[in-house]
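Heads up: the structure comes next, in structure tokens.
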Amino acid sequence: FILSPAVVGPRTTVHDAEALMREVGCSCLPITENGRVGSKLAGLITRRDVDALEESKKLEVVTKHMVVHVVEPVTYRQAQEIMRKHKVGKLPVVNSEKELVALICRGDQKRVDRHPDATRDPNTQLMVAAAIDDAQPDAFDRAVAIVEAGADAVVVLTDAGVSEATVDFVKRLKATFLTTDVVCGRVSSLHMAEALCKADCDGLMVGAPEGPGAAGGAGIADATCLFQAARVARMSYGVPVCAEGGLRTPGDVVKAALLGASTMAPRELLARTFESPGEHAYQNGACVKLRPIRGATPACMPATLGGQLVDCGSLEQLLGHLLQRMHAGFRSLGLRGHSDVHPSLASGSLRLEVHRPRLPVDAGPPEKIERRRLTSSALFNGGEPPAGA
């Protein structure tokens, strides 16, 4: 459902309607009596109508045709059946007064069917989050504009550290926007995570910060940081944790879930896709992507390139491969999926074993490898993995 579609009025010219179609990237515009959503529906103008009419004509010539519409309330499946029955690609939704409320497009329905696992709201619209930096003077005004634009969540960037001003800013956001989630990150210490949880944030992103002004980005043990933050956030505050650091392979994604993450964001993998920001280049016969460090200004961009990453192709193909590898990793542990990880750890049926990496072959006589078994009591009652895990 498109709740705020672009709308034109009967006095709008064909030329202006065509320009609006190009601007918003659509092939159909609803026509209402006053050219706004909430007014009575008068008709529809499509690209086929635009091609057949002169540019100087008014759209009132199109309003004489009967428009197939549906009266709210209506479900997504009911709207699909009506569109199939009448063989239309656009279906306006009106209220009992025949006033335009929303618009349904067949192209959007195809995308929903093609990607059934996408994160969507009850109106089948993709959920969107926008990030802000609390250090900016107009940070709260930006947050207000983000929420008014329809964002489902606000992300407060904490790469520069968590101060009292950051905590107060999160509290102010939660008190102002009761129905909008506030996510904070990235955090790289237990102290930062606990301070933000006490501020009533809805989610945490855990990982080593990067870029100019990052706090604690060097020498951070990603696994230890994730384990500690997830244990405190989930058990003490009920806050979910997103792992966003050190996930370079599908195996790392599975390990992050075992360490307590509710969501995994493998930015190292996603940065290699065709859709991610960055310039492409060819080196030694391979397509690589130049990855700038987040937070760098265009003036210092050449000096802050994060390196060259081998391009992995389309994001859609990479996600499909990543999900298959994740499911295979969970099955090898006797789990049906990610939802069984945390209950299995709590019940003690699943245990983690932490040990040092294997020594290289030419490293001399092998020394005794320290091992420590993490039971459910260690994971949920204050146990800690060894340093450097």
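The values are calculated or read from the model by the stated rules, or taken from the named source; none is laboratory data. These numbers come from a predicted model, not from an experiment. Reconstructed Cβ throughout: ideal geometry from the backbone, glycine too, with neighbour counts over all protein chains shown. The protein model used for the area step is the full one, side chains on, heavy atoms only, and it has no ligands, DNA or RNA in it. Shrake-Rupley method; radii C 1.70, N 1.55, O 1.52, S 1.80 Å.
With every protein chain left in place, what is the accessible area per residue of segment 114-268 in square angstrom, probe 1.4 Å? Display every interim value, and only then the final one.
On the way: 7040 Å² over 155 residues.
For segment 114-268, the per-residue accessible area is 45 Å².
Here the Karplus relation 6.51 cos²θ - 1.76 cosθ + 1.60, evaluated at θ = phi - 60°, turns the backbone of segment 39-54 into coupling constants of 9, 5, 6, 10, x, 9, 10, 10, 5, 5, 5, 4, 5, 8, 10, 6 Hz, with x for every Gly and Pro. The H on the amide N of GLY313, modeled in the peptide plane, is under 5 Å from the matching H of PHE274, each at least 5 residues off or on a different chain. Rounded to the nearest whole Hz, the Karplus-based 3J(HN,Hα) values (6.51 cos²θ - 1.76 cosθ + 1.60, θ = phi - 60°) of segment 6-14 follow the sequence 5, 10, 10, x, x, 8, 6, 7, 5, with x at glycine and proline.
Under 5 Å from the amide H of VAL155 lie the amide H atoms of ALA130, ALA131, ILE132, VAL183, each residue being 5 or more positions distant or on a separate chain, with H modelled from the backbone and absent for Pro and chain starts. Computed with every protein chain present, the accessible area of CYS105 is close to 20 Å² [probe 1.4 Å].
Net charge within 13 Å of LEU247 by Cβ-Cβ distance, Lys/Arg positive one each and Asp/Glu negative one each, not counting LEU247 itself?
Values: positive: ARG186, ARG248, LYS255, ARG267, ARG272, ARG325; negative: ASP222, GLU244, ASP252, GLU268.
Here the count lands on +2.
When the residues ARG272, ARG267 are ordered by accessible surface, computed with a 1.4 Å probe over the protein chains alone, the sequence from largest down reads ARG272, ARG267. In order along segment 74-84, the Karplus-derived 3J(HN,Hα) couplings, from 6.51 cos²θ - 1.76 cosθ + 1.60 at θ = phi - 60°, round to 8, 8, 4, 5, 4, 5, 4, 5, 5, 5, 5 Hz, and Gly and Pro are given as x. With a Förster radius of 56 Å applied to the C-beta separation of ARG331 and ASP51, the computed FRET efficiency comes to 0.55.
With the full set of protein chains in place, find how many percent of the accessible area of segment 70-113 is carbon and sulfur; take the probe as 1.4 Å. Carbon and sulfur together cover 50 percent of it.
Show me 326-335, 27-36, 278-287, 199-208 ranked by packing, highest mean number of other Cβ atoms within 10 Å first.
On the way: 326-335: 14.4, 27-36: 19.3, 278-287: 10.3, 199-208: 22.6.
Highest mean packing first, the order is 199-208, 27-36, 326-335, 278-287.
Within the accessible area of segment 114-245, what % is carbon and sulfur when the probe is 1.4 Å and the other protein chains stay in place? For segment 114-245, the apolar C and S fraction of the accessible surface comes to 53 percent. Of the residues ARG47, ARG248, ranked by 1.4 Å probe accessible area with the largest first, the sequence reads ARG248, ARG47.
Less than 13 Å Cβ to Cβ from LEU333, Lys/Arg counted +1 and Asp/Glu -1: what total charge do the surrounding residues give? Don't jump to the answer; show the numbers that get you there.
Working: positive: LYS255, ARG331, ARG336, ARG351; negative: ASP340, GLU353.
Here the charged neighbours net out to +2.
If you plug the beta carbon distance of GLU81 and ARG22 into 1/(1 + (r/R0)^6) with R0 = 51 Å, you get a FRET efficiency near 0.95.
For ARG120 and ALA271, calculate 0.36 nm times their separation in residues minus their Cα-Cα distance, and state this gained length in nm to one decimal.
Numbers: separation 151, 0.36 × 151 = 54.36 nm, distance 2.31 nm.
Contour length minus the Cα-Cα distance gives 52.1 nm.
Between VAL112, ALA165, VAL128, the Cα set farthest toward the positive side of the dipole of segment 96-206 (charges on each charged residue's Cβ, about the Cα centre) is that of VAL112.
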